[in-house]
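Shown next, in structure tokens, is the structure this report addresses.
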Amino acid sequence: MLPSSKPTFFCLIGPTASGKTALAIELVQRLPLEIISVDSAMVYRGMNIGTAKPTADLLRIAPHHLIDIRDPKETYSVGQFCIDAIQLIQEIIDRGKIPLFVGGTMMYFNALLNGLAMLPPANHLLREQMQQRAKKEGWLKLHKELTDIDPQGAAKIMPTDGTRIQRALEVYWMTGKTLSQWHLETHPNYSYSATVLKIVPPNRAILHQRIHDRFEDMMAQGFLKELNDLYERGDLSPALPALRSAGYKEGWAYLSGHLSLDSMIELAITATRQLAKRQITWLKKWPHAYVIEDTQQEICSIEEHIQKVFLHHPSD
């Protein structure tokens with residue numbers, strides 16, 4: 001954690017379908033908080049149902065920063081998130097409010113809380129060479145190559161995730177240092193203190209059922225139409241970061257004729273469960289956080305904890 005003499009911001013972290021948004025909106029109505037979304041999919045316009053983005057009515061009650069700020073054909077990096085986040089922290093504090101980061105994109109939280117290495121810019125020649133190698137040899141072979149160079153970093157990257165494999169190898173070949181080394185050598189230097197609140201569902205089976213039920217609700221709300229609207233634009237592809245999100249990836253395969261509707265639904269729910277599992281693993285990175293097991297029953301205790309912390313770290 002950061003030094004306690006600094007003004008604080010709060011981070012509400014948890015797996016998908018754990019009740020983060022509902023809890024945050026309830027807290028905003030009790031405390032002088034402003035919400036900053038930490039969700040790599042909610043940044044995209046036109047991706048509302050499949051990301052479980054708050055409705056217009058809820059956003060009027062509790063506005064969220066960093067949603068609907070990019071078109072799906074654009075990218076939004078963890079580095080840009082950190083730049084935007086630090087600017088928003090100060091703006092919110094200047095308004096006499098308390099910043100509350102809410103979401104489940106763990107890489108964004110990790111960079112915000114633990115620092116982001118100032119990595120070298122992209123090398124387009126190296127990228128083109130890797131793309132050619134990947135076409136001939138496959139990303140699996142390049143992932144094995146990365147494992148030999150940086151086993152710790154490679155273990156965090158799926159063997160099919162060409163974008164991250166490419167970037168990790170690119171950084172090593174350009175600098176002689178692995179991504180793991182870069183991140184170890186860089187620490188945040190913020191003028192703020194961070195307080196983490198993490199939702200840890202006590203029952204995995206209940207979380208899985210929530211994921212299943214929520215996806216069924218999304219389908220009833222018109223998720224297929226949302227997907228089709230994106231598909232018919234004609235300028236998007238499944239290689240874009242926006243469309244690699246759980247649900248959208250499988251939905252795109254369905255619209256492309258590669259999956260049946262039943263298979264799409266089953267695979268989308270499975271992908272979301274796998275995402276939740278990875279998010280829960282990430283939560284172990286913050287062992288000293290305030291733990292929330294029941295977002296509805298513990299609301300008063302959570303409110304009291306935020307007030308107590310804020311009294312010790314006022315933002316003015």
Fewest-first ordering of 225, 144 by Cβ atoms within 10 Å yields 225, 144
Could you work out how far the C-alpha centroid of the range 236-267 sits from that of the range 85-143, in angstrom? 24 Å
Net charge near residue 40 (other residues with Cβ under 11 Å of its Cβ; Lys, Arg +1; Asp, Glu -1) is +1
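Residues with beta-carbon under 13 Å from that of residue 121, excluding residue 121: net charge, scoring Lys, Arg +1 and Asp, Glu -1?
Numbers: positive: 127, 167; negative: 170.
Net local charge, residue 121 excluded: +1.
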Identify all lysines with a Cα-Cα distance to residue 249 below 26 Å; exclude those on the same chain that are fewer than 8 residues away in sequence. 20, 53, 73, 135, 136, 141, 144, 156, 225, 277
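Scan the chain and report its longest stretch carrying no GluC sites (Glu not before Pro) that are both in a DSSP loop and have at most 15 other Cβ atoms within 10 Å.
75-231
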With the cut-off at 1.5 for a/c, could you classify the range 159-316 from its C-alpha gyration tensor as rounded, prolate or oblate? oblate
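Compute, for the range 124-185, the length of the dipole vector about the Cα centre, with Cβ point charges of +1 (Lys, Arg) and -1 (Asp, Glu) only. Units Debye, rounded to 20. Please list the in-between numbers first.
On the way: 10 positive and 8 negative charges, 41 e Å.
Charge dipole of the range 124-185: 200 debye, to the nearest 20.
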Distance between the C-alpha centers of the range 150-170 and the range 4-26? Whole Å please. 29 Å
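In debye, nearest 20: dipole of the chain around its Cα centre with unit charges on the Cβ of K, R (+) and D, E (-)? Mind dumping the intermediate values first?
On the way: 34 positive and 34 negative charges, 155 e Å.
Charge dipole, the chain, about its Cα centre: 740 debye, nearest 20.
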222 nm [θ] for the chain, helices only, -39500 (n - 2.57) per DSSP H run of 4+, per residue, to 500? -16000 deg cm²/dmol
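How large is Rg over Rh for the range 124-185, taking Rg from the Cα atoms and Rh as the Kirkwood inverse mean of 1/r across Cα pairs?
Numbers: Rg = 10.8 Å, Rh = 11.5 Å.
Rg divided by Rh gives 0.94.
About its Cα centre, what dipole magnitude does the range 22-94 give when the only charges are +1 on Lys and Arg Cβ and -1 on Asp and Glu Cβ, stated in debye to the nearest 20? Let's see the in-between values first.
Values: 6 positive and 10 negative charges, 43 e Å.
Dipole size: approximately 200 debye.
Taken together, the values in this text are just the output of simple stated rules run on the coordinates, not laboratory data. Just so we're clear, the structure is a prediction, and the values are computed from it rather than from any experiment. Neighbour counts are summed over all protein chains in view; Cβ atoms, including those assigned to glycine, are modelled from backbone coordinates with ideal geometry.
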